[in-house]
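Chemist: One structure, as structure tokens, below. Some questions next.
The values are calculated or read from the model by the stated rules, or taken from the named source; none is laboratory data. Being a predicted model, the structure only gives us computed values, none of them experimental. All Cβ positions, glycine included, derive from the backbone under ideal geometry; neighbour counts span all protein chains shown. For accessibility, only protein heavy atoms count, side chains too; no ligands or nucleic acids. Shrake-Rupley method; radii C 1.70, N 1.55, O 1.52, S 1.80 Å.
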Amino acid sequence: RERSESLAVIGGLLLCADYVVTAAMSALDACHYLHLPHPHLWAAGGIALVGIINYFGPTKAGALALVVALITIVFTAIIGIASVPHLGEAVVTRPTGTAWASWSQFTAIILAISGVEAVANMTGIMVEPVTKTARRSIWPVMIEIVVLNLILTVAMQAVPLSVLGNGDPAQAMTAHRDDMLKVLAEYYVGPVFAGVAGLAFAALLLSAVNTAVTDLVSIQFMMARDKELP
């Protein structure tokens with residue numbers, strides 16, 4: 001904003017679009033993990049539920065999100081540890097396709113890991129000192145993205161195509177696109193663990209909806225504050 005008010009408005013609108021899309025995608029994927037019928041309708045209801053929770057204040061929603069995040073970290077770590085002995089079975093090949101296809105996949109990855117800028121854009125409502133709070137918030141996110149996601153990606157490559165495609169290798173790229181962590185949990189740990197983990201991952205995705213909603217409120221708060229400045 002100090003450099004260009006026009007660019008600040010464009011950047012703010014892009015962030016709003018990012019959080020709206022993140023909320024919609026996260027809610028929809030949560031319903032896929034729960035195998036709910038008509039997942040788009042359940043997703044809309046989930047977003048409404050998050051709005052109701054936030055009505056009682058961000059502190060209560062934040063406390064619930066913290067509990068869900070800690071539980072999910074445990075489940076994800078178990079999957080990662082269980083998959084380590086099988087990482088050597090991964091089949092990794094050079095990407096194919098056009099530069100546009102690669103760019104499209106890259107942007108999808110960036111959208112999927114939007115937790116980093118979510119932390120960065122919550123500084124307006126963070127506990128003082130903001131620098132210390134932001135550092136504590138962003139480091140766990142970075143570690144998860146760089147280390148844990150890399151292990152899980154290789155673990156996914158080690159799963160046979162017939163498993164990923166529910167018996168049909170041709171469907172391996174689409175059958176479990178929206179609930180891959182549950183597939184990894186079942187393949188590397190077991191079906192009972194996968195069932196419980198699926199509930200945890202669904203809760204985490206709904207928590208991501210809460211994060212997106214909180215960031216939208218944060219942006220609105222900062223815009224209102226800027227209007228009051230001389």
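Chemist: Find the eigenvalues of the gyration tensor of the Cα atoms of region 1-93, then list the square roots of 5 times those eigenvalues as equivalent ellipsoid semi-axes, largest first, in whole angstrom.
Modeler: In descending order the semi-axes read 31, 23, 17 Å.
Chemist: While we're looking at this one, here's another question. Using a basic spin-label model with each label point 7 Å from the Cα along Cα→Cβ, how many nm lie between Phe221 and Leu49?
Modeler: 2.5 nm
Chemist: Same structure, new question: Only loop residues by DSSP count here, and only those with at most 13 other Cβ atoms within 10 Å; note down the GluC sites (Glu not before Pro) in region 1-95 that meet that. Don't jump to the answer; show the numbers that get you there.
Modeler: Values: sites: Glu2, Glu5, Glu89; in loops: Glu2.
For GluC sites (Glu not before Pro) across region 1-95 that sit outside H, G, I, E and B with at most 13 neighbouring Cβ atoms in 10 Å, the list reads Glu2.
Chemist: Another question, then. Using a simple spin-label model with points 7 Å from Cα along the Cα→Cβ vector, what separation in nm is obtained for Arg3 and Val92?
Modeler: 3.4 nm
Chemist: Another question, then. Determine the principal axes of the Cα atoms in region 1-40, then give the extent along each, sorted from largest to smallest and rounded to whole angstroms.
Modeler: That gives 48, 13, 5 Å along the principal axes, largest extent first.
Chemist: Separate question: In nanometres, what is the gap between the two model label sites at Ser102 and Trp139, each 7 Å from Cα along Cα-to-Cβ?
Modeler: That separation, rounded to one decimal, is 3.5 nm.
Chemist: Just the number please: accessible area per residue for region 1-96, 1.4 Å probe, all protein chains included, in Å².
Modeler: Numbers: 6540 Å² over 96 residues.
Value for region 1-96: 68 Å² per residue.
Chemist: Using only the alpha-carbon atoms, what does the chain span along each of its principal axes? Please give whole angstrom values in decreasing order.
Modeler: Between the extreme Cα coordinates on each principal axis of the chain lie 64, 41, 37 Å.
Chemist: Based on the Cβ-Cβ distance from Val130 to Leu199, what FRET efficiency comes out when R0 is 30 Å, to the nearest 0.05? All intermediate terms of the calculation are to be shown ahead of the outcome.
Modeler: Details: r = 34 Å, r/R0 = 1.14.
Once rounded, the FRET efficiency stands at 0.30.
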